[in-house]
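Remarks on the structure that follows.
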Amino acid sequence: MTILVVGATGLLGSSICRRLAERGSAVRALVRSNSPNESRLASVQAEIVTGDLKDGPSLLAACRGCSAVITTANTLISARRGDSFHTVEAGGQAALLRAAEGAGVRRFIYVSLSPGLPSDSPFVRAKREFEARVRRSRLAWTILQPTSFMETAFSPAAGWDLERGRVAVIKPGTAPVSYISLEDVAGFAVGVLESAAAAERFLPLGGPEALSPLQAVRIFEDVMPAHRALRASLAAPRLDGCPAAVQFALRLPRRPGRGRLTWRRHSDAGNTGVVPGAADLSA
Ligand SMILES: NC(=O)c1ccc[n+]([C@@H]2O[C@H](COP(=O)([O-])OP(=O)(O)OC[C@H]3O[C@@H](n4cnc5c(N)ncnc54)[C@H](OP(=O)(O)O)[C@@H]3O)[C@@H](O)[C@H]2O)c1
């Protein structure tokens with residue numbers, strides 16, 4: 001039977017599509033018209049259907065004939081006109097769930113957020129609202145609650161410009177986070193599909209070690225002079241069909257003789273104001 005992936009052009013969704021296709025599943029990828037990232041699916045064996053979480057009929061058509069739906073869609077960085085936490089994260093996802101129920105889908109996997117996040121953020125509130133809706137569903141549901149993805153947390157978009165040896169950290173930069181690789185999260189999203197033990201469960205996912213952003217800066221500094229690959233072992237709770245640990249490698253740029261990142265702290269009060277920090281973390 002076919003598995004529908006919503007959010008298929010996203011970082012996580014495209015990885016899920018690739019994994020499903022590689023294991024021989026029939027994959028249907030819901031893609032918005034003019035998605036800037038449809039090329040992520042170019043080499044993936046998937047049926048592409050056009051749709052939008054704000055377009056109910058497109059969701060019903062996409063769900064027909066599917067045994068499972070995995071949704072990773074979110075509007076945080078890909079919002080278009082009419083997209084909001086209310087219309088997409090809560091309302092749009094609820095429309096998808098209704099469509100899945102109406103089309104006779106059996107399994108529903110929702111990738112949400114870590115349970116540790118503050119509930120006063122509208123984004124988090126919208127996610128929790130939809131979690132509550134999923135919980136009331138008669139489908140066999142699973143809600144994955146990953147911590148921050150290291151691929152996005154340590155990316156130029158988040159202020160980690162390793163190419164130039166510069167990092168921006170949200171002040172004070174000392175809060176520990178169990179960063180996880182999105183590839184591990186994708187492994188879980190696929191792994192739980194056939195797991196009866198994972199049905200009707202919230203599954204918080206995180207890496208084995210909680211590190212603060214400043215500790216992560218130190219690690220990058222340590223590995224940069226030797227131009228070695230940084231390897232991290234990412235363990236997560238074991239479920240049927242899921243990897244217990246996955247290795248990933250991040251190639252750092254060649255910068256002979258450079259072992260220090262120039263860094264600065266942004267205030268976490270709305271991320272405004274730049275406060276210069278001590279340049280030498282090894283002291
Ligand atoms: N990134 C992290 O560090 C992190 C950490 C914890 C949890 N999560 C959660 O993990 C999930 C996946 O995150 P990600 O980083 O892979 O997201 P992403 O790369 O930003 O992908 C978002 C996807 O949602 C699609 N989308 C947005 N609005 C839509 C709409 N109205 N209708 C249909 N599709 C729509 C986008 O399509 P287009 O290509 O058309 O824009 C894209 O495919 C999210 O639920 C996120 O909250 C992320």
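Coordinate-derived values only; no laboratory data. Computed from a prediction, not measured in an experiment: that's the story for all the values here. Here the Cβ positions follow ideal geometry from the backbone for every residue, glycine too, while neighbour counts run over all protein chains shown.
How fast does the range 53-176 diffuse by Stokes-Einstein, in µm²/s, taking the Kirkwood radius from C-alpha pairs at 4 °C and 1.567 mPa s? Don't skip to the answer; put the middle values down first.
Values: Rh = 16.1 Å.
Calculated translational D: 80 µm²/s.
With Rg and the Kirkwood Rh both taken from Cα atoms, where does Rg over Rh land for the range 122-226? Mind showing how you got there, number by number?
Numbers: Rg = 17.0 Å, Rh = 15.9 Å.
Taking Rg over the Kirkwood Rh, I get 1.07.
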### Query
Normalised by the residues of the range 1-110, what does the relative contact order come to in percent, with Cα pairs under 8 Å and at least six apart?
30 percent
### Task
Take every Cα-Cα pair in the range 12-123 and report what % of them are more than 24 Å apart.
24 percent
### Query
Across the range 125-180, how large is the tail of the calculated P(r) beyond 14 Å, expressed as a percent of all Cα pairs?
68 percent
### Query
If we sort 96-108, 154-166, 123-135 on the protection proxy, mean other Cβ atoms within 10 Å, highest first, what's the order?
96-108, 123-135, 154-166
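Report the semi-axes of the equivalent ellipsoid for the range 52-115 in whole Å, largest first, where each axis is √(5λ) for an eigenvalue λ of the Cα gyration tensor.
Working from the Cα gyration tensor, I get semi-axes of 20, 14, 8 Å.
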